[in-house]
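Report on one structure; see the data block that follows.
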Amino acid sequence: MCGIWGIFGSDVDVHQQVQSCFEIANRGPDCFRFENVNHFANCAFGFHRLAIVDDLNGMQPIRIVSMPHIWMIYNGEIYNYKEVLNKKYLK
């Protein structure tokens, strides 16, 4: 299971708290990503990934570049992703 960490609107600077995200590093030993959400004061995401299906394509947090205020982070695997990709509505 992956490790998800976040700080939203803290009174303490995120840079002073970021070390705490490494306390859950054992949850996702395959890779790590930290994102500072620049649009909001003291807001950040951390994600420790346990890669089951692929190596890089499932890295999170996910951000829609055309909508920079929208971020997504979740814990899960889509095991039938090959079947989903073959559906007409996704082509």
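The values are calculated or read from the model by the stated rules, or taken from the named source; none is laboratory data. Here the structure is a predicted model, which means the values were calculated and not measured. Note that each Cβ is placed from the backbone with ideal geometry, even for glycine, and that neighbours are counted across all protein chains shown. Just so you know, the surface numbers come from the protein's heavy atoms only, side chains and all, with ligands and any DNA or RNA stripped out. Shrake-Rupley method; radii C 1.70, N 1.55, O 1.52, S 1.80 Å.
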Checklist entry - Taking the range 37-67 on its own, how many of its residues are more than 11 Å from the chain's Cα centre (by Cα) and surrounded by 14 or more Cβ atoms within 10 Å (Cβ to Cβ)? => result 5
Checklist entry - Which residues, taken from the range 6-23, are more than 12 Å from ASN36 (Cα to Cα) and surrounded by 17 or more Cβ atoms within 10 Å (Cβ to Cβ)? => result CYS21
Checklist entry - Just checking, how many residues over the range 70-81 are open to solvent by 80 Å² or more (accessible area, probe 1.4 Å) and modelled with pLDDT under 80? => result 4
